[in-house]
Amino acid sequence: MDKFKDKIFDKAEYFLDLFTKGREFTEELLKENERLRYELLKLERSKNFPDELLNPSNTRMLSTIEEMEEQIDRLKEKIAAVEAENIDFAKRYVDIEEENDKLANLYVASFHLHSTLELQTIMKTISEIIIDLVGAEKFAVYVTENEPGKLMPVIAEGMNLKDLKFINVGQGKEGEIAATGDIFFVPQEDDHPAETGEPIVIIPLKMKDELMGLISIYSLLSQKAKLTHIDFELFSLLASHAASALFSAKMYSISNRKLSTMEGIFELLKDS
Amino acid sequence: MEKSKILIVEDSETMRHLVSFALKRLSNTEIVEANDGSDAIKKFRREHFDLVITDLMMPHIDGFKLIQFIRNQQDNARIPIIIVSTRYSPEDRERGFSLGANAYISKPIHSGTLLQAVQNLLKDHNTSILHKSIEKEG
């Protein structure tokens, strides 16, 4: 009987011990849980979330915030894409404006070069194009004289016409360019390059193989830092269109002279 | 809405054409051309303009004298004036502004710059006219 009692007591002690350990373990778990909750709270607070959102009952609100944050991120991406597109549009606008300027300049220049058959007016138009459209300060225009292989100065801007000499085709820089027929220009590395007295641009005016004249530009206006691609288009236009305008004016003048001579002869024949 | 009348005063035919060509992009405007200062004055005696674009170096009556003439007239004292010139010295700019010019654009021109100046000045001018008429009515 005593033995049986002892056995029961042993078992009771064993279970009691077991429960005690279980309670201690549970208490430890609860403490750990509390510690983790506290850490979570600290973490959430550091993210500036309002206290009420930390309540587990507000999980819906938290998920809504997450969704909104995702939406904000998507909107930010879209804004960035639109901004990039805007920059692209702005660049294209600048390009179109430049192209528009170029076309307007070329249209107006060619319109005026071909709107007359009077040599004086053509010369005036050439000057206007070089001053107003290109922005040249010093330049000279030469035309072929009756003497072959020679170019006579007819316009001087920013310098004295009397100081300019005839150009012999094939001699000197301008003469060489006149012989080749290709436009020459000094590569413009810096803005407002120093004036050297030498031409920075030479434009031979050629009608097919026939040299009609030559334009030499020595310096640009102070507000014009350097030549632009519109200027090179204008030089090409001048090279061919100014030459054909000069050719037409020459032909017109010759035919007019011949016509008046013929008329004179007819008058004489009539009288006799 | 009434058309804005713009006078271009320029002795260079090429330049006058280029400016007029650029201004054609503006809607609701009428362009009148004068080939120098005296031609502009003749036109001013006959009609009213909302804006003037003038060169400085012109035969007979230059741009400075033209600005003086315009500003001395009571009716035209507030017309916006834009100088478009190859002259670019600070003295010329200062003289132009002191005589009453509202903008100074140097040649060679960029049509965008010119259009922007014209649009801004026309807008300001039309607003001041509107204010004046409201004041009168009030």
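Below are the figures for this structure:
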read-out	value
Estimated D of chain A in µm² per second, where Rh is the Kirkwood radius over Cα pairs and Stokes-Einstein applies at 4 °C, 1.567 mPa s	48
Fraction in percent of alpha-carbon pairs per bin - 10 Å, the range B:4-137	12, 47, 34, 6, 1
Positive dipole terminus of the protein assembly as shown, leading residue within A:Ile96, B:Ala34, A:Leu161 (C-beta point charges)	B:Ala34
Convex hull of the range A:59-103 built on C-alpha atoms - directionally averaged projected area, nm²	2.9
Unit charges at the beta carbon, dipole of the protein assembly as shown: most positive-side option, A:Leu220, A:Ile129, B:Phe69	B:Phe69
10 Å-binned pair-distance histogram of the range A:116-259 (Cα, whole percent)	12, 44, 34, 9, 1, 0
Reach of A:Lys31 by Cα under 22 Å, taken over lysines that are not fewer than 8 positions away in the same chain	A:Lys21, A:Lys42
Shielding of B:16-22 by partner chains, average beta-carbon count, 10 Å	5
Lys, Arg +1 and Asp, Glu -1 on Cβ, resulting dipole of the range A:116-259 about Cα centre, debye, nearest 20	680
Inter-label distance, nm, simple model (7 Å from Cα along the C-beta direction), A:Ser222/B:His60	3.0
Partner lysines for A:Lys3 [C-alpha distance under 22 Å; skip if fewer than 8 residues away on the same chain]	A:Lys11
Peptides A:60-66, A:134-140 ordered by average Cβ neighbours within 10 Å, highest first	A:134-140, A:60-66
Euclidean distance of C-alpha centroids, the range A:142-198 and the range B:1-67, integer Å	35
Residue-averaged beta-carbon neighbours from other chains (10 angstrom radius) around B:80-88	2
Rounded tilt (10° steps) of A:243-271 against the dominant C-alpha axis of chain A	30
Shielding by partners, peptide B:101-109 (average Cβ within 10 angstrom, other chains)	4
With every protein chain in place, chain B: carbon and sulfur % of accessible area (1.4 Å)	47
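The values are calculated or read from the model by the stated rules, or taken from the named source; none is laboratory data. Source: prediction; values computed, not measured. Virtual Cβ from ideal backbone geometry, glycine too; neighbours counted across all protein chains shown. The area values use the complete protein model at the heavy-atom level, side chains included, leaving out ligands, DNA and RNA. Shrake-Rupley method; radii C 1.70, N 1.55, O 1.52, S 1.80 Å.
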